[in-house]
Each structure stands twice: as C-alpha cells, then as structure tokens.
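Q: Let me give you the structure first, and then I'll get to my questions.
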Amino acid sequence: QVQLVESGGGLVQPGGSLNLSCVPSGTIFCINVMGWYRQAPGKERELVAAITSGGKTNYRDSVKGRFTISRDSAKNTVYLQMTGLKPEDTAVYYCNALIIRNFGGALLDSWGQGTQVTVSS
C-alpha cells in the first residue's frame, strides 16, 4: 500500500499564502497524474489542481492565477503554492496520485489523509 503524506496546512489571514507538499511512501515504479483536492464542511470533494507526468496542469476556475501546482519527479513530490487566499478556500486539502508500484502493475488511485487549510482573520 502506498501512503501519501501531506504537509504545510495551517491558519492564514485573507490575502496570505501557504505552501502544501505531498510525498508518497512505499515502493513506486512511476506516478501518472498528481493532484490536490479539497473538501469544505458540508460540501463535496472537488478538484483544485492537477499535473501530469509531462507537466501539463489543470486548475479549477476559482483558483486560477492564485494557486500553482508543481512536481519534482525525481522526488515523487507534488506541491501546491497558494497565494491570495480567501475564506472560501478554507477546507481540508487532499493529495491524490495515480501510482504504478511495479512494472506491469495496476494503476492505484492513492489518497493522503488531508491537511487543514483555514483562511480567517
């Protein structure tokens, strides 16, 4: 089983910045898409940003121009730089990755346990 470990959440004032990171543990052959999702209380989990192994990115409209997703393929790590944070960005942020553990193995949809991001004055 591959575990994804997130870090970097916390409390920040409106307009502030936070940086999230996510690194998998365990045996990995390769990682396809990596991304960040979030879930606010009473709402469904939603995609925030994703990045392919080739570096192509995708963002939800509400974070475009404020959030930047990147990855370090050598370290199998994905990052989310968040600037201009708004109260509506408050949520638990989850890391997601499509992982192949061994050559010829199945594609595993892996999730982290989540990190809380709270934007409040």
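The values are calculated or read from the model by the stated rules, or taken from the named source; none is laboratory data. Bear in mind that the values here come from a model prediction, so they are computed numbers and not experimental data. No Cβ is skipped: glycine too gets one built from the backbone with ideal geometry, and neighbour counts run over all protein chains shown. Accessible surface areas use protein heavy atoms only, side chains included; no ligands, DNA or RNA. Shrake-Rupley method; radii C 1.70, N 1.55, O 1.52, S 1.80 Å.
Q: Would you list 109, 89, 61, 72 from the most to the least accessible area, probe 1.4 Å?
A: Result, largest first: 61, 109, 72, 89.
Q: Here is a follow-up. Take 71, 45, 38 and sort them by solvent-accessible surface of the protein heavy atoms, 1.4 Å probe, largest at the top.
A: Numbers: 71 50, 45 95, 38 15 Å².
In descending accessible area the options line up as 45, 71, 38.
Q: Find the lysine pairs in the chain meeting two conditions, Cα atoms under 24 Å apart and a separation of 8 or more places or different chains, and report how many there are. Display every interim value, and only then the final one.
A: Working: 43/64; 43/86; 56/64; 56/75; 64/86.
Counting lysine pairs in the chain gives 5.
Q: Loop-only GluC sites (Glu not before Pro) in region 26-121, please: DSSP not H, G, I, E or B, and at most 10 other Cβ atoms within 10 Å. Show your work: numbers first, answer last.
A: Working: sites: 44, 46, 88; in loops: 44.
Loop-located and lightly packed - 44.
Q: Taking only Cα atoms and a 10 Å spring cutoff, compute GNM fluctuations for the chain and point out the largest among 19, 102, 32.
A: 102
Q: Antiparallel DSSP bridges in the chain: what percent, to the nearest 5?
A: The antiparallel proportion sits near 90 percent.
Q: How fast does the chain diffuse by Stokes-Einstein, in µm²/s, taking the Kirkwood radius from C-alpha pairs at 20 °C and 1.002 mPa s?
A: The Stokes-Einstein estimate is 148 µm²/s.
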